Amino acid sequence: MEIKKVVVIGSGTMGSGIAAQLCNANIPVVLLDLTTDISEKARERILKSRPPLLIDKSKINNINVGNINDDFKEVSEADWIVEAVVERIDIKHNIYEKIFKERKSGSIVSSNTSSIPIKILSEKLSEEEKKDFCITHFFNPVRYMDLLEIVKSENNDLNKINSLKKFCENDLGKGTLICNDTPGFLGNRIGVYAMQVAMTEAFKMKLTIEESDAVFGRPMGIPKTGVFGLYDLIGIDLMADVLKSFIKELPENDEFQQVAKEIPLVKKLIETGYTGRKGKGGFYRMNKTDNKKVLEGINLETGEYSISKKFNLGSEKMDIVNLINRKDKYGEYAWSVISKIIKYASSLVPGITDKFNDIDEAMRLGFNWTKGPFEILKEIGVKNFFEKIESFENNKFLENLSKTKDENFYGERQLYTDLETLGKIKPKAIKVDKNNSAEIYRFNDFNIVEFTTKANALDYDSMDSLKNATDKPLIIINEAMQFSAGVNLSYTMDFANKGDFRSIEKFVRYFQETCKHLKYSKYPVISAPSGLALGGGFEVLCQSNFVVSHTNIVVGLVETIVGLIPAGGGCKEMLWRWSQTEEAKNDPDYAPLKVFDIIGYAKTATSAIEAEPLKYLKPEDKKIMSRNSLLSISKEILENNKEFSPPKECKFKLSGKPLKEKMIKLLEKLYNDKVILDHGMEVGKELANVLSGGETDVDKELCEDDLYKLELNAFMKLIESNKTQERIKHTLATGKPLVN
């Protein structure tokens, strides 16, 4: 069936998020609530949301609002009706009665519940109505969280369920898993259990919250918040309600019951208003000392707060085997947590799903884990796992695996989708090269480079891999959340701290050479970004020949924030793009002034659609909703460009000194208005020198190498400055900019 119109009933956080994502996909949607005023306010919240729920504000035109009394007739025209009202079964039953009286024959009806079983939701429906009813459990925020769980029942028309899955995957861009009707479905059942194990084991082993979060974080392939930071982010009171729901729904002998028991300290935090970030604080809180904000952490034994000190485990890279083999309490904690998660997840197969791989995908898509429990088991190794594990009675999955000792038990990844993804094809590839920052995979007719550093930050090794992979058509693509957050500032500052500026200059030159090599390579180069593509990450992207972009990107040149200017060709490429406009053909200063504004203010776009007006992306760049389609569309481009010829080199005519003076006047106004301070002025002047062409005039033609040289000189002058180094150190320490 084709879905051309959707009605969403309930305009709270989830209903609004679902409606916004439908808008993003250009699907007409009607948002209904008790009153039109409530729905209208929800529409306004969608428009003003931060981070934005819409990929472009104009998408709001796809949404109409109304109320469930006067406008319920809209249901009769909808192909899909989504119920997203409060989690009260009586209210839901009343809504369903109205929907099934009004809906057209064959339309899909679904609930966005996260906890109520489908058998209870549908108990008052007829057998015929049950065929078209399911649960569609989106994760919040809907635009950014990839996971969607479709919960089916034995009554469903499976063709219709599969049709809905296909729509949600291709049109809404969701990683869509079909689940059985069990408490918590897939993601929350395992994800919440994992959180509770990490918490209860930290209490039991007397770890500090900082120690626990350092282990149950990046070293396990889990987001850096860890468990206590994540509890604060979600809300300690909300988590308590989630646990009560599991306690109620699960049998008494379920292992979840042991870790869901109320913890006195948690109860006390809730009672005193310490419910997490939305309250006065939680396990962590901000406090003022000498008029300065200081982060404090709670002592799990005493309940007292003290200044939080980041715990250094020695490595933030995911390395499960070395982590669990550490001969200290952190290794013991890691093994205790990981082994319990693996045991629990495997004990639920085939009850919650007969595809154990789907549990891993749920953890990746819904909780941003790098690897799920079964892939972690594969990484540990079957033999090693059973040598370490103490018991696994009544666990049929592990009992069977212990007998077969099959190290290749895992099979293929991402079975939930028919799309050809990077995760699916990597195991079939030849690994050409691997260093500390990237891997090269080789196929019959193309190469892939995947960055592997924290946030995929770029360094010398990253450039090596890119340069070495251009002996065939190249696709630059990552499974990680980010394409690249830019050049590794820590890598750069290590040299600066030693006064080794020659090595920094050598690296920037190599970065420039590599980007130029990508642009003019014999074979086509494609960048397929998702997530962050900032600074140096954008410079790689914009000097690729083709771009296939996920709609959920954050893209821009943000170097001025840390007291630098783009030096990998970012200034050059933006100048060239803006110089191709009609306005620039009539005014030689138009393009440089536009770029001066964009780079100077470090403007970013929060979607592929927003990126185009800034010329971070071009009209011909592909912009797609489904991240799982990045690879297949990239391959199509390669297939259609077998007769590829590199582009012609760019030439520039810039005004030089008169243009630079215009830019400095703009800076002086900002300085006088105290928008920028002393060093902001210096950074602006260096940027002005690059974008004006330096010592040139409008009759002189500059080549790309001339612009690269200007970028490099400005970058080196700034990186040698104490003020820039102060900015970088502050940003690395706090994650926030320093204005100096």
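Miscellaneous remarks
- Fraction of beta bridges assigned by DSSP in the range 6-179 that are antiparallel (%, nearest 5): 15 percent
- The convex hull defined by the C-alpha atoms of the range 308-419 has an orientation-averaged projected area of 8.6 nm².
- Largest first, the extents of the alpha carbon coordinates of the range 6-179 on the three principal axes equal 42, 35, 27 Å.
- For the range 1-72 and the range 517-551, distance of Cα centres in Å: 34 Å
- Segment residue 479-residue 431, length gained on full extension (0.36 nm per residue, minus Cα span): 15.7 nm
- Rounded to the nearest 0.05, the FRET efficiency derived from the C-beta distance between residue 238 and residue 271 at R0 = 25 Å is 0.95.
- Length released on extending from residue 396 to residue 224, taking residue separation times 0.36 nm less the Cα-Cα span: 58.6 nm
- Burial ordering of 270, 190, fewest other beta-carbon atoms within 10 Å first: 270, 190
- Cβ-based net charge around residue 130, under 13 Å, with every Lys or Arg adding one and every Asp or Glu removing one: -3
- Efficiency of FRET from Cβ geometry, residue 206 and residue 76, R₀ 60 Å, rounded to 0.05: 0.45
- Close amide H pairs (under 5 Å, H built 1.01 Å from N) link residue 554 with 531, 532, 533, residues at least 5 positions away or on another chain.
- Student exercise, the chain dipole from Lys, Arg, Asp, Glu Cβ charges, in Debye to nearest 20: 960 debye
- Taking a Cβ cut-off of under 10 Å around residue 738, the surrounding Lys, Arg, Asp and Glu residues balance to a net charge of +3, with basic ones at +1 and acidic ones at -1.
- Taken over the range 494-636, lysine pairs spaced eight or more positions apart, or on distinct chains, with alpha carbons under 14 Å apart number 10.
- Distance-filtered residues of the range 710-740 - backbone nitrogen under 12 Å, label point 7 angstrom along residue 498 Cα→Cβ: none
- When 189, 88, 326 are arranged by Cβ crowding within 10 Å, least crowded first, meaning fewest neighbours, the order is 88, 326, 189.
- Calculated FRET value between residue 261 and residue 286, using beta carbons and R₀ = 22 Å, to 0.05: 0.15
- Two-site label geometry, residue 322 and residue 723: point separation in nm, points 7 Å out along Cα→Cβ: 4.1 nm
- Highest average packing first - 10-22, 721-733, Cβ atoms within 10 Å: 10-22, 721-733
- Antiparallel beta bridges, as assigned by DSSP with both residues in the chain, represent about 40 percent of the total such bridges.
Every number in this text was worked out from the coordinates using simple rules, so none of it is lab data. No experiment lies behind these values; they were computed from the predicted model shown. Heads up, the Cβs are rebuilt from the backbone with ideal geometry, glycines too, and the neighbour counts pull from every protein chain shown.
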